[in-house]
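Report on the following structure.
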């Protein structure tokens, strides 16, 4: 695991975006696994700037998002599709056939989960997967207790996760209770994983990843089993690392 400690959120966003920019430039047909939430907003702003300033060809790349709420239409402002359209798809001019995200409006989430997993496999898998992490250690929407061999699946969201995401909604009461997410094994299948963490609230999860034991109580620790993980952490998120070592 490669740990890149940065001073603050802006530096984390810039350096991680630079990594993705160079990989896209080198491999135009790259298959990106992408994430949503407040943490990667700066990353997308920086990456869009790099791609547009250098006029990089993005016509062949494919994107696969980690997850989507069940019950939200694509045009809902709170859907992850809407987030991606605003922060990445539209700014860099990606076509609909380049962008993939689970359909949260389907009547059969299990069937949709299987279909989405199949789409990833048919594309040849994911070359580089972007991740954030929840305060309880979830990656994607894989909550504590999720089996590490789980593929794309329907999940019931923990109350702590719904509370954390309530800031994007009018109230916690309207935050969806379920989602479709890539499973931990799907994430681990990516050739390379990049995880972003900013702020003191993420410090315990980062400690568990770097210094803790592999445990289903902390889904993030599954990344210990991956051969190529790069972790970008600001000083607050890294505040619990190696504090007792000389």
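None of the figures in this text is laboratory data; all of them are computed from the coordinates on show. What you are looking at is a predicted structure, and each value in this text was computed from that prediction instead of being measured. Virtual Cβ from ideal backbone geometry, glycine too; neighbours counted across all protein chains shown.
Here the residues 12, 84, 182, ranked from fewest to most Cβ neighbours within 10 Å of their Cβ, fall in the order 84, 12, 182.
Remark: spin-label model distance residue 53-residue 103 equals 4.0 nm, labels positioned 7 Å along the Cα→Cβ axis. Can you work out the FRET efficiency for the pair residue 122 and residue 41, with r the C-beta to C-beta distance and R0 = 25 Å, to the nearest 0.05? For R0 = 25 Å, the calculated efficiency reads 0.25. Over the C-alpha atoms of region 2-230, the Rg to Rh ratio, Rh being the Kirkwood estimate, stands at 0.93. For the residues 236, 97, 67, a GNM of the chain with alpha-carbon springs under 10 Å puts the largest fluctuation on 97. Segment residue 5..residue 135, full-extension length gain: 44.9 nm, with 0.36 nm per residue of separation and the alpha-carbon distance subtracted.
Where Rh is the Kirkwood radius over the Cα pairs of region 130-237, the temperature 4 °C and the viscosity 1.567 mPa s, what D in µm²/s does Stokes-Einstein return?
Estimated diffusion coefficient is 92 µm²/s.
Site pair residue 225 and residue 86 shows an inter-label distance of 3.6 nm when each label is modelled 7 Å from Cα along Cα→Cβ.
Of the peptides 160-167, 104-111, the order by per-residue mean of other Cβ atoms within 10 Å, starting with the highest, comes out as 160-167, 104-111.
Rounded to the nearest 0.05, the FRET efficiency derived from the C-beta distance between residue 114 and residue 166 at R0 = 30 Å is 0.50. Computed from label points 7 Å out along Cα-Cβ, the spacing between residue 239 and residue 18 is 2.6 nm.
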